[in-house]
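Working notes for the structure below.
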Amino acid sequence: HGVKSKIEPACRSAGRTVLAQQAGIGRSELLRQFASIGNAILLGTESFWTGVDVPGKALSQLIITRLPFDNPSHPIAAARAEACRLKGMSPFSEITLPAALIKFRQGIGRLIRSHEDEGRLVILDSRILHKPYGRLFLDVLPHQQFRRIG
C-alpha cells in the first residue's frame, strides 16, 4: 500500500484516518469503519465501484485515479475482443468503452445517490480531457458543472 503510506502522515496530522484494503480486513468491514468514522479517507480498488452505499456526509468526495477500463489481456476480455474483431467490429468501441462508461456511472452513483446528495468528484485521469472518448465520460456526469484544475 504505497499510496496509503505516502498520504497517511499528512492525513493523520489533519485529523483524518486512512483506510485501505489489505489482508485480513474485508470490504464490508472497511465500509463499516469508513461510515462510522465519518471523515475517513478510503482507498479502494475495483470492488468499490459497485454495491457501496454510505449515506450521509461520510462519503462526500470521490477521487477516481483511472478511468475504469477492463484489462484487455484478461482471458475473457481477450476472447470477447477477438470475437468482435472476427465480426469486423472494433472491440474498443463495441465492448471496452461501453463497459467502462457503465462502471464509471456506477462509481459516481456511490457519491450521488439522490437529488439531495452533494459531493465532489475528482477525476485524475487526463484521458478524460485528451482522448476523443473522454467527452463520453463527461456526458454521463449527473450535471455538467465541472472545471479543470491545473
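When the test is whether a residue is more than 28 Å from Ala35 (Cα to Cα) and open to solvent by 80 Å² or more (accessible area, probe 1.4 Å), His130 passes it. Condition check: open to solvent by 60 Å² or more (accessible area, probe 1.4 Å), at negative phi and touching a Cys at 6+ places or on another chain (Cβ under 9 Å). Does Glu46 satisfy that? Spelling it out, it is not the case that Glu46 is open to solvent by 60 Å² or more (accessible area, probe 1.4 Å), at negative phi and touching a Cys at 6+ places or on another chain (Cβ under 9 Å).
Of the residues in segment 69-82, at least one is closer than 15 Å to Gln106 by Cα and assigned to a loop (DSSP other than H, G, I, E, B).
Close contacts from segment 125-142, counting a first residue that is within 14 Å of Lys103 (Cβ to Cβ) and a second that is of a type in the set (Ser, Thr, Tyr), with Cβ to Cβ under 8 Å and a gap of 6+ residues or different chains, come to Asp125/Thr65. Close contacts from segment 75-94, counting a first residue that is over 21 Å from Gly134 (Cα atoms) and open to solvent by less than 80 Å² (accessible area, probe 1.4 Å) and a second that is among the acidic types (Asp, Glu) and modelled with pLDDT of 95 or more, with Cβ to Cβ under 6 Å and a gap of 6+ residues or different chains, come to Cys84/Glu94.
Quick check on Arg27: is it among the basic types (Lys, Arg) and either open to solvent by 90 Å² or more (accessible area, probe 1.4 Å) or under 23 Å from Leu136 (Cβ atoms) (or both)? Criteria not met by Arg27.
Before we move on, is Asn39 assigned to a loop (DSSP other than H, G, I, E, B) and either touching a helix residue (DSSP H, G or I) at 6+ places or on another chain (Cβ under 9 Å) or modelled with pLDDT under 85 (or both)?
no
Any idea how many residues of segment 98-124 are aliphatic (A, V, I, L, M) and free of Cβ contacts under 8 Å to residues at least 40 places away in the same chain? Of the residues in segment 98-124, 5 are aliphatic (A, V, I, L, M) and free of Cβ contacts under 8 Å to residues at least 40 places away in the same chain. Against the definition (closer than 27 Å to Arg127 by Cα and either open to solvent by less than 70 Å² (accessible area, probe 1.4 Å) or not β-branched (Val, Ile, Thr) (or both)), how does Phe34 come out, yes or no? No.
The values are calculated or read from the model by the stated rules, or taken from the named source; none is laboratory data. Owing to the predicted nature of the structure, the values given are computational and were not obtained by experimental measurement. All Cβ positions, even for glycine, are placed from backbone atoms using ideal geometry, and neighbour counts span all protein chains on display. Just so you know, the surface numbers come from the protein's heavy atoms only, side chains and all, with ligands and any DNA or RNA stripped out. Shrake-Rupley method; radii C 1.70, N 1.55, O 1.52, S 1.80 Å.
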